[in-house]
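A.B. asks: After the structure tokens below, expect a handful of questions from me.
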Amino acid sequence: QVRLVESGGGLVQAGGSLRLSCAASGRTGSRYLMGWFRQAPGKDREFVAEITWSGRNIYYADFVKGRFTISRDNAKNTLYLQMNSLKFEDTAVYYCTARSTPLSAYEYWGQGTQVTVSS
């Protein structure tokens with residue numbers, strides 16, 4: 001199994017920055033794609049970003065608009081999401097994910113970390 005634990009969430013003012021981390025443990029030898037989803041109150045869970053094992057391919061949701069950067073450090077088994085120019089609508093629980101291939105379901109999920117952006 002792969003265990004994912006997010007950290008770095010918190011309360012920030014609009015326009016501020018926050019960096020989320022996701023520590024992976026277990027079967028981390030596999031070349032998992034890893035990414036981030038988020039879910040705001042009353043809304044469906046939505047895709048934020050994903051990165052391949054090599055880091056050569058990165059995918060972002062349109063609403064990121066150059067504000068967020070996903071990265072990973074495989075030596076540390078850690079995924080990151082650098083969030084800049086945060087908006088109130090970015091307020092959500094952010095979840096770390098992992099999957100085996102682009103055709104796979106997101107089979108591994110973290111517990112989520114709360115990001116709250118004050119206006």
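The values are calculated or read from the model by the stated rules, or taken from the named source; none is laboratory data. What you are looking at is a predicted structure, and each value in this text was computed from that prediction instead of being measured. Cβ coordinates were reconstructed from backbone atoms using ideal geometry, including for glycine residues, and neighbour counts include every protein chain displayed. Keep in mind that these areas ignore ligands, DNA and RNA; they rest on the heavy atoms of the full protein, side chains included. Shrake-Rupley method; radii C 1.70, N 1.55, O 1.52, S 1.80 Å.
A.B. asks: Over the Cα atoms of the chain, compute the convex hull volume and normalise it per residue, giving Å³.
C.D. replies: On the way: hull volume 11.3 nm³, N = 119.
For the chain, the hull spanned by Cα atoms encloses 95 Å³ per residue.
A.B. asks: Skip the ligands, DNA and RNA, and give the accessible area per residue of the chain with a 1.4 Å probe, whole Å².
C.D. replies: Averaged over the residues of the chain, the accessible area is 53 Å².
A.B. asks: Rounded to whole Hz and in sequence order, give me ³J(HN,Hα) for the range 102-109 from the Karplus expression 6.51 cos²θ - 1.76 cosθ + 1.60, θ = phi - 60°, writing x for Gly and Pro.
C.D. replies: Here the 3J(HN,Hα) series is x, 8, 8, 6, 6, 7, 10, 9 Hz.
A.B. asks: Please give the solvent-accessible surface of SER100 in Å², to the nearest 10, using a probe radius of 1.4 Å with every protein chain present.
C.D. replies: 50
A.B. asks: Ordering TRP53, TRP36 from largest to smallest accessible area (1.4 angstrom probe), what's the sequence?
C.D. replies: Highest to lowest solvent-accessible surface, that is TRP53, TRP36.
A.B. asks: Computing the accessible area with a 1.4 Å probe over protein heavy atoms, can you report the carbon and sulfur percentage for the chain? Please report the intermediate quantities before stating the final value.
C.D. replies: Numbers: 3070 of 6350 Å².
Answer for the chain is 48 percent, counting heavy atoms of protein chains only.
A.B. asks: At 0.36 nm per residue, minus the direct Cα-Cα distance, what do PHE63 and GLU46 gain on full extension? Give it in nm, one decimal, please. Intermediate values should be presented prior to the final figure.
C.D. replies: Values: separation 17, 0.36 × 17 = 6.12 nm, distance 1.06 nm.
In short, 5.1 nm is gained.
A.B. asks: Name all residues of the range 74-92 having a backbone nitrogen under 18 Å from the label point set 7 Å from the Cα of SER7 along its Cα→Cβ direction, giving them as ranges.
C.D. replies: 74-83
A.B. asks: What list of ³J(HN,Hα) couplings, whole Hz, do you get for the range 12-21 from phi and the Karplus terms 6.51, -1.76, 1.60, once you set θ to phi - 60° and write x for glycine and proline?
C.D. replies: 9, 7, 3, x, x, 10, 7, 10, 8, 10
A.B. asks: Between TRP53 and GLN111, what is the label-to-label distance in nm when each label sits 7 Å out along the Cα-to-Cβ direction?
C.D. replies: Going by the 7 Å Cα→Cβ label model, 2.8 nm.
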